[in-house]
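*Asks:* One structure, pasted below without further comment.
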Amino acid sequence: MKITDVEAIVLRQAAVDEGIADGSQDDLVILVSTDEGITGIGEVDSAPDVVAALVRQPASHAVAQSLRGTLIGRDPLDVEGLWDAMYRGLIYVGRRGIAIHAISGIDIALWDIKGKALGKPVCELLGTVRRDRVRAYASLLMPDTVEETSERVTGLREQGFTAIKLGWGPLGEDSAHDVQLATAAKEAAGPDVDVLIDAGLGYGDDARTAIGVARELEALGIGWLEEPFLPDAYEAYAELADEVDIPIAAGEQDVTRWGIRELIERGHVDVVQPDVTRCGGITETLRIWELADERGVETVPHAWKSGIIKAASLHVNAVLPEARYQEYCVAETPINTTLTVQRLPLEADGCVAVPTAPGLGVELDEDVLASLRVDA
């Protein structure tokens, strides 16, 4: 089997609110085609047009290669070998950021091809399958008011979620208001629903403010405090993590095992959150888990966009020795709710089933793809 084409398809809903942290308003879908008629599906959660240009660009020289050119004619089943080839070919372009984002989407598509070719779900190719379903946490943007926060959390609890995360929005503007919003969420959730708070980089590098908020969240019983600081504020992360007992989570902005290593060793975080569509794909997510596990740090993948990232993350969670949560975006956008034919619904016990069909186990809804597609 040989790769015959690599497509980067930009999707965008009719109106995009650029002021909110909702990456499901647009998307980059990767399609990798083969000479045996098998097409792999991948996704990138980044700046779609920029990453698409990187996928399509012609080669410049030995370490500024074309991703499409690197792959055409190669065996798609050599997933790890192709990862290394893509990484080496983009060293000049960038060993972090959009270069790795682009590799991520392609890597997911290659695993999809391999599963389809071998007639197995991706998780069976990754290692020992330890579970066929994962507990989901509803993931939504933090509302501005206490009243709306209470209403949204109550609604999600009634839908059957046993864990809920609220993040970004107004968090970081007023620490007292942050605690009020978290209090409203916890009260609405009740004793049987975990509540997680994602500060959305809101405290910059201000460790003292974050420590004060973290201690109040800990008293409320909040499960973790996520991304309180800018990604490279390692000293602030370490100061916070060393002073509070509430787990500190971060890592969705980081790529590769080398980037996550900095966060662990310099930032002392308790939970790392590699995003399979950014960090280097399924291949690199498993390498990140190995590195984190060696250092006693938990891995909980970040997943906010469509059914593609949900499926890819579920396959990773299926093989991790411990899989506390599956992040489950509840944004009411067409990309999140309709891009894949399979909806991966929440089950009665608050879990989501790992897809069992060959590959990722999800298919694109071609009508939705066509309606949202932005021609190059």
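*Asks:* Working only within the stretch 225-264, note down all residues that are assigned to a strand (DSSP E or B), within 18 Å of W304 (Cα to Cα) and free of Cβ contacts under 8 Å to residues at least 60 places away in the same chain.
*Replies:* Listed by number, the residues that qualify are L225, A249, A250.
*Asks:* Answer yes or no: is there a residue in the stretch 304-318 that is buried (at least 22 other Cβ atoms within 10 Å of the Cβ), under 23 Å from K165 (Cβ atoms) and basic (K, R).
*Replies:* Scanning the stretch 304-318 turns up at least one residue that is buried (at least 22 other Cβ atoms within 10 Å of the Cβ), under 23 Å from K165 (Cβ atoms) and basic (K, R).
*Asks:* I would also like to ask the following. Run down V10, V16 and say which single residue is touching a strand residue (DSSP E or B) at 6+ places or on another chain (Cβ under 7 Å), surrounded by fewer than 14 Cβ atoms within 10 Å (Cβ to Cβ) and not basic (K, R).
*Replies:* On inspection, the qualifying residue turns out to be V16.
*Asks:* When you go through I20, I30 one by one, which is the residue that is in contact (Cβ under 8 Å) with a residue 40 or more places away in the chain, over 23 Å from T283 (Cα atoms), outside any helix (DSSP H, G or I) and not charged (D, E, K, R)?
*Replies:* I20
*Asks:* Looking at G69, G115, G105, can you tell me which residue is under 20 Å from the mean Cα position of the chain (by Cα) and small (G, A, S)?
*Replies:* Criteria check complete, one pass: G105.
*Asks:* Taking L67 and the conditions (1) modelled with pLDDT of 95 or more; (2) more than 30 Å from P358 (Cβ to Cβ); (3) in contact with a strand residue (DSSP E or B) (Cβ under 8 Å, 6 or more places away or on another chain), which numbered condition does it fall short on, given that it satisfies the others?
*Replies:* (2)
*Asks:* Further question on the same structure: Out of all the residues in the stretch 344-357, is one or more of a type in the set (A, V, I, L, M, F, W, C), part of a helix (DSSP H, G or I), in contact with a Cys (Cβ under 9 Å, 6 or more places away or on another chain) and surrounded by 19 or more Cβ atoms within 10 Å (Cβ to Cβ)?
*Replies:* Within the stretch 344-357 (the criterion being of a type in the set (A, V, I, L, M, F, W, C), part of a helix (DSSP H, G or I), in contact with a Cys (Cβ under 9 Å, 6 or more places away or on another chain) and surrounded by 19 or more Cβ atoms within 10 Å (Cβ to Cβ)), the answer is no, since none of the residues qualifies.
*Asks:* Turning to a different aspect of this structure: Any idea which of (1) farther than 30 Å from L369 by Cβ; (2) surrounded by fewer than 24 Cβ atoms within 10 Å (Cβ to Cβ); (3) of a type outside the set (S, T, N, Q) is the one V341 doesn't satisfy?
*Replies:* V341 satisfies all of (1) farther than 30 Å from L369 by Cβ; (2) surrounded by fewer than 24 Cβ atoms within 10 Å (Cβ to Cβ); (3) of a type outside the set (S, T, N, Q) except (1).
*Asks:* Please specify each residue of the stretch 173-213 satisfying the condition of being more than 24 Å from Y328 (Cα to Cα) and either under 25 Å from the mean Cα position of the chain (by Cα) or among the acidic types (D, E) (or both).
*Replies:* E173, D174, Y203, G204, D205, D206, A210
*Asks:* Count, please, the residues in the stretch 315-335 that happen to be outside any strand (DSSP E or B) and closer than 24 Å to E284 by Cβ.
*Replies:* Adding up the residues that qualify gives 12.
*Asks:* If you take the residues of the stretch 70-97 that are out of contact with any Gly (no Cβ under 9 Å at 6 or more places or on another chain) and buried (at least 21 other Cβ atoms within 10 Å of the Cβ), which of them is modelled with the lowest pLDDT?
*Replies:* Applying the filter and picking the extreme gives L90.
*Asks:* Which members of the stretch 41-97 meet the condition of being part of a loop (DSSP other than H, G, I, E, B) and closer than 16 Å to I30 by Cβ?
*Replies:* D45, S46, A47, Q57, S66, I72, R74, P76, L90
*Asks:* Return the residues of the stretch 56-66 that are among the hydrophobic types (A, V, I, L, M, F, W, C) and loosely packed, with under 15 Cβ neighbours inside 10 Å; say none if nothing qualifies.
*Replies:* Selection gives A59, A62, V63.
*Asks:* Do the conditions hold for L360, that is, is it farther than 23 Å from I164 by Cα, assigned by TED's automatic domain parsing to the domain that holds V129 and either in contact with a Gly (Cβ under 7 Å, 6 or more places away or on another chain) or modelled with pLDDT of 95 or more (or both)?
*Replies:* yes
*Asks:* Restrict the check to the stretch 124-135 and report whether at least one residue is outside any strand (DSSP E or B), closer than 26 Å to L201 by Cα and not small (G, A, S).
*Replies:* No - not one qualifying residue is present in the stretch 124-135.
*Asks:* Within the stretch 142-187, restricting attention to residues that are assigned to a strand (DSSP E or B) and touching a residue at least 40 places away in the same chain (Cβ under 8 Å), which residue is surrounded by the most Cβ atoms within 10 Å (Cβ to Cβ)?
*Replies:* Per the criteria, the residue is K165.
*Asks:* Do we find a residue being touching a Pro at 6+ places or on another chain (Cβ under 7 Å), under 16 Å from I335 (Cα atoms), in contact (Cβ under 8 Å) with a residue 40 or more places away in the chain and surrounded by 13 or more Cβ atoms within 10 Å (Cβ to Cβ) anywhere in the stretch 45-55?
*Replies:* No, the stretch 45-55 contains no residue that is touching a Pro at 6+ places or on another chain (Cβ under 7 Å), under 16 Å from I335 (Cα atoms), in contact (Cβ under 8 Å) with a residue 40 or more places away in the chain and surrounded by 13 or more Cβ atoms within 10 Å (Cβ to Cβ).
*Asks:* Kindly indicate whether R157 is of a type in the set (K, R), in the same structural domain as V319 (by TED's automatic domain parsing) and closer than 29 Å to G204 by Cα.
*Replies:* When the stated conditions are applied, R157 does not pass them.
The values are calculated or read from the model by the stated rules, or taken from the named source; none is laboratory data. For clarity, every value in this text was computed on a predicted model and none was experimentally measured. Counting neighbours? That spans all protein chains shown, and the Cβs are built from the backbone with ideal geometry, glycine included.
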